[in-house]
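Remarks on the structure that follows.
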Amino acid sequence: MTAPDINSPEEQLRYERGLAVLNSVDGGSAAGVMDGLADIAPALAHHIVAFGFGDIYARPGLDARQRQLVTLGVLTALGGCEPQLEVHLRTSLNVGLTPQEIVETLIHAAGYAGFPRALNAVAVAKKVFTEQDLLPVREG
């Protein structure tokens, strides 16, 4: 079995669709991630954009805010995904989630993923919120 040709017309259409979706939600955080893969794993960058955003994120049924809530919960539960969580925290703010909604999502994840993973996620959120002058976060 051979790998898909990421330069084929079909793959390029998926990539372009994914790039449009990514650019509409991201606000610029992911470009560095994709650029960082260019010299070592360009196919991985292609599949993240084509599959992750062109196929999955572009599906109907959930809006960008809902998708980001799910993403934050999953990355928190997985643990060890702090760099990806940082990108998605910025994306979450970009699509209109409030710091309060984000923190509540991370607290909610503690019940399923455990306190250590929730604490790690909150530490990443604190870093992002500090950079964006969003602290302190008020409950309610």
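Brief remarks on what is shown
- Angle between the chain longest axis and helix 99-113 axis [Cα atoms, degrees, rounded to 10]: 90
- For Leu22, the solvent-accessible surface with a 1.4 Å probe is about 10 Å², rounded to the nearest 10.
- Semi-axes of the equivalent ellipsoid for region 1-102, computed as √(5λ) from the eigenvalues of its C-alpha gyration tensor and ordered from largest down, come to 24, 15, 12 Å.
- Computed with every protein chain present, the accessible area of Glu86 is close to 40 Å² [probe 1.4 Å].
- Pairwise label distance in nanometres, Asn23 with Asp55, each label 7 Å out on the Cα-Cβ vector: 2.3
- Alpha carbon centroid spacing (whole Å) that separates region 68-140 from region 1-62: 23
- Net charge of neighbours whose Cβ lies under 15 Å from the Cβ of Val137, counting Lys and Arg as +1 and Asp and Glu as -1: -2
- If you plug the beta carbon distance of Gln12 and Ile40 into 1/(1 + (r/R0)^6) with R0 = 22 Å, you get a FRET efficiency near 0.55.
- With respect to the chain, whose longest principal axis is taken over its alpha-carbon atoms, helix 115-131 is tilted by about 80°.
- Mean sequence separation of contacting Cα pairs (under 8 Å, at least six apart), scaled by the length of region 15-140, corresponds to a relative contact order of 26 percent.
- Accessible-area ranking of Arg90, Arg117, Arg138, Arg65, largest first, probe 1.4 Å: Arg138, Arg117, Arg65, Arg90
The values are calculated or read from the model by the stated rules, or taken from the named source; none is laboratory data. This is a predicted model, so every value here is computed, not measured. In this analysis, Cβ positions are derived from the backbone assuming ideal geometry, glycine residues included, and neighbour counts consider all displayed protein chains. To get the accessible areas, we keep the full protein, side chains included, count just its heavy atoms, and leave off ligands, DNA and RNA. Shrake-Rupley method; radii C 1.70, N 1.55, O 1.52, S 1.80 Å.
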